[in-house]
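> The structure is given below, and queries will be raised subsequently.
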Amino acid sequence: MLEIRHLVKSFGPLIAVDDVSFTVPQGEVLGFLGPNGAGKSTTMKMITGFLAPTAGTAIICGYDIATQPIPAKRHIGYLPEGAPAYPDMTPDNFLGFIAHIRGFSGEEARRRISRVVEMIRIAEVMHQPIETLSKGYKRRVGVAQALLHDPDVLILDEPTDGLDPNQKYEMRSVIAAMRPNKAIIISTHLLEEVEAVCSRAIIIAHGRILADGTPAELAQRSRHHNAVRLAIVGGADANVRAELAALPGVAGVDTAGNGLIVFSRGGDPVVGAIADLARERGWTVSGLQVERGRLDDVFREITTPHPIAAAA
Amino acid sequence: MRNVLTIFRRELAAYFATPLAYVFIVIFLVMAGILTFFVGNFFERGQADLQPFFTFHPWLYIVLIPALAMRLWAEERRSGTIELFLTLPIRMTEAVAGKFLAAWCFAGIALILTFPFWLTVNFLGHPDNGVILASYIASWLMAGAFLAVGACVSAVTKNQVIAFVVTAALVFVFTVAGSPIVLGVFQGWAPEWLLHGVAQASFLVLFSAIPRGVIDLRDVVYFLSIIVAFLAANAILIDLEKAE
Ligand SMILES: Nc1ncnc2c1ncn2[C@@H]1O[C@H](COP(=O)(O)OP(=O)(O)O)[C@@H](O)[C@H]1O
Ligand SMILES: [Mg+2]
């Protein structure tokens, strides 16, 4: 549904987006992850036709945004960064304007507006100027605007920024509910969001794609993948730590809370070896837990210039 | 066409959503009144026409029209809504036309609200209402030309003050192009055709010719060409900004 082909954008000497390619099929929620300034927003601006790429293009439902911008834009719902909306208008007028531009009028426009108003829960602020709305409501009005024409491709730049935890949860439910018949891209710097709603994540830094996979696949790259949390009654002395560290397949041992965390080398399972050792030595184990891996680890390792060493 | 109308309606409503519309209209009417009655010696002339009223329009417009035009694009840039606006399925020509027509229509509303001046001369005597109508149309066309210049300037900045100042300076130059001071600069070295062209291009010269008789079709064409040229530049500048 959405195909990004070798997008490049340079601002003078700065290359903000550097040869980014990927495709998003129907049913996928792609999390666009990256530190500030990574090039997420710039990529989205090129996909939606706000910025002309230095090279490359985006194909939306078969229409090239560069050569067939009008039909391409008809298939896109877009929430720009910061959810801009005309401050003097009320959400009611604003959505009415968007509905008209999207080609709906009369009964059809009203029906579509009330559908998104219900879905995004903005009924109570419909007649209040947008400039007086809280950040959360403003963001929701922006999302409502993007959903009005039930687009095939949805591009949301930081859709949950400024929302409180309940609103974040609601917004994620809305996104998850729309997933089956749309191709969705959301940009975020919240890793929990990627785990909550995304079927796939792309990590980008300095304009380049550094990782692309399901959240679970990415988490496997973490040094926490298959690491074991171990708590021993009476505490663990240096001797215990040395014995654990000497096990084959163990990369290192660290203190975690009031127990230990044993990292695996290369992500291979080490829990069996640890359990055997504990039985052999007669340690009374009060807690044993295998970790799946952490996205924030992977994110930090990939996106910082000096990766944190694998061993603790 | 439908999109032009939708954009036009939103933009026109935007004028009335802030005090700008009311402040503009009040200042326009008060200034027009002061200039006409005190500076223009409306009563002392003892003639039933609106000549003193229209004479001051170019000068009023230099100050007031940039205030109408400055927000057209600069405001969208400042608030970030331009990103929303330009990613909607509309053509650039529709966007530019819708915005311009809203501003032009607003200027027309302000002009229509000067009808008490017209009532006054008709009450005091028997003016040539044909000339008055022609003058109104000419004034509105000139306002349109000023607005097109202003829209174009507004397209390249997000600072409305800069948009105001630059537009005011540009339309001032256009207005006084035919004055002896400006022509003096060209005299002596410029070829005759250029001198003539500059004099002819002056809004003031064109405009002051109109109230004396009927509208010259060439003048109408001239104002409309200015409008089209600056709106085309407006669209091109917005497009260039995208590629940056
Ligand atoms: N209009 C612009 N002119 C110059 N540099 C820009 C412009 N827009 C973005 N940039 C730069 O491009 C880089 C990527 O920005 P952006 O796409 O907004 O990052 P992100 O959304 O991932 O935080 C940043 O270094 C930013 O400063
Ligand atoms: Mg961003």
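> Can you list the HN-Hα couplings for region B:25-37, worked out from phi with the Karplus curve (6.51, -1.76, 1.60; θ = phi - 60°), rounded to whole Hz and with x for Gly and Pro?
So the Karplus estimates, Gly and Pro as x, are 5, 5, 5, 4, 5, 5, 4, 4, x, 4, 5, 5, 7 Hz.
> Okay, next question. What ranking of A:Leu288, B:Leu147 comes out by heavy-atom accessible area, probe 1.4 Å, highest first?
A:Leu288, B:Leu147
> If I fit a long axis through the Cα atoms of helix B:217-243 and take the longest principal axis of the Cα atoms of chain B, what angle between them do I get, 0 to 90°, rounded to 10?
Once rounded, one gets 20 degrees.
> Going by alpha carbons, how many degrees (0 to 90, nearest 10) lie between the helix axis of A:135-147 and the longest principal axis of chain A?
Its long axis makes an angle of about 70 degrees.
> Can you work out the Karplus-derived ³J(HN,Hα) for every residue in region A:37-45? Use 6.51 cos²θ - 1.76 cosθ + 1.60 with θ = phi - 60°, whole Hz, and x for glycine or proline.
Each residue's phi maps through the Karplus curve to give x, 6, x, 5, 4, 4, 4, 5, 5 Hz.
> Ordering B:Phe38, B:Phe203 from largest to smallest accessible area (1.4 angstrom probe), what's the sequence?
Ranked from most to least accessible, the order is B:Phe38, B:Phe203.
> Can you give me the relative contact order of chain B as a percent, contacts being Cα pairs under 8 Å and 6 or more apart? Present the calculation step by step, with values, prior to reporting the outcome.
Values: 272 pairs, mean separation 65.2, N = 244.
Once divided by the residue count of chain B, the mean separation gives 27 percent.
> Here is a further query. In whole Hz and in residue order, list the ³J(HN,Hα) couplings for region A:56-66 that follow from phi through the Karplus curve 6.51 cos²θ - 1.76 cosθ + 1.60, θ = phi - 60°; x for Gly and Pro.
x, 7, 10, 10, 10, 6, x, 9, 7, 5, 7
> Still on this structure, please answer the following. Give me the accessible area of B:Val39, 1.4 Å probe, in Å² rounded to the nearest 10.
For B:Val39, the solvent-accessible surface is approximately 80 Å².
> Something else now. Which loop GluC sites (Glu not before Pro) in region A:126-194, with loop taken from DSSP, have no more than 11 other Cβ atoms within 10 angstrom of their Cβ?
none
> Can you give me the Cα centroid spacing of region A:93-112 and region A:164-208 in angstrom?
27 Å
> Measure of size requested: the Rg and Dmax of region B:26-155, with Cα atoms as the atom set and Å as the unit; please supply both.
17.7, 58
> Can I ask one more? What residues have an amide H closer than 5 Å to that of A:Leu79, excluding those fewer than 5 places away on the same chain, when H is modeled at 1.01 Å from N in the peptide plane?
Amide H neighbours of A:Leu79, under 5 Å, 5+ apart: A:Ile155, A:Leu156, A:Asp157.
> Ignoring solvent entirely, what values of log10 I(q)/I(0) come out of the Debye formula for region A:2-219 at 0.07, 0.09, 0.13 Å⁻¹ when each Cα is a single scatterer?
Log-scaled intensity ratios, in q order: -0.20, -0.34, -0.72.
> Would you calculate, for chain A, the mean residue ellipticity at 222 nm contributed by helices, counting each DSSP H stretch of 4 or more residues as -39,500 (n - 2.57) and dividing by all residues, to the nearest 500?
It lands at -10000 deg cm²/dmol.
> How far, in degrees from 0 to 90, does helix A:165-178 lean away from the longest principal axis of the Cα atoms of chain A, to the nearest 10?
70 degrees
> First check a/c for region B:2-243, with a ≥ b ≥ c the square roots of the eigenvalues of its C-alpha gyration tensor; if it is under 1.5, answer rounded, and if not, answer prolate when a/b is larger than b/c or oblate otherwise.
Oblate.
> I need the peptides A:54-62, B:97-105 ranked by packing, meaning the mean over residues of other C-beta atoms within 10 angstrom, with the highest value on top.
Highest mean packing first, the order is B:97-105, A:54-62.
> Under the rule of -39500 (n - 2.57) per DSSP H run of 4 or more residues, summed and divided by the residues of chain B, what mean residue ellipticity at 222 nm is obtained, to the nearest 500 deg cm²/dmol?
Working: 14 runs with 188 residues, N = 244.
Mean residue ellipticity at 222 nm (helix-derived): -24500 deg cm²/dmol.
> Largest first, how would A:Ser21, A:Ser264 line up by accessible area (1.4 Å probe)?
Listed by decreasing accessible area, they come as A:Ser21, A:Ser264.
> For the B and A pair, go ahead and give the buried accessible area with a 1.4 Å probe, both sides summed, in Å² to 100.
2600 Å²
> How large are Rg and Dmax for region A:1-113 when calculated on the C-alpha trace, in angstrom?
That works out to 16.0, 51 Å for Rg and Dmax.
> I would also like to ask the following. With a Förster radius of 30 Å, plug the Cβ-Cβ distance of B:Met1 and B:Leu133 into 1/(1 + (r/R0)^6) and report the FRET value to the nearest 0.05.
Efficiency, from the Cβ-Cβ distance: 0.60.
> State the Kirkwood hydrodynamic radius of the protein assembly as shown in Å, one decimal place, computed from all pairs of distinct Cα atoms.
By the Kirkwood definition, the hydrodynamic radius is 27.9 Å.
The values are calculated or read from the model by the stated rules, or taken from the named source; none is laboratory data. The structure presented is a predicted model; accordingly, all values stated were derived computationally and were not measured. All Cβ positions, even for glycine, are placed from backbone atoms using ideal geometry, and neighbour counts span all protein chains on display. Just the protein is used for accessible areas: all its heavy atoms, side chains included, with ligands, DNA and RNA removed. Shrake-Rupley method; radii C 1.70, N 1.55, O 1.52, S 1.80 Å.
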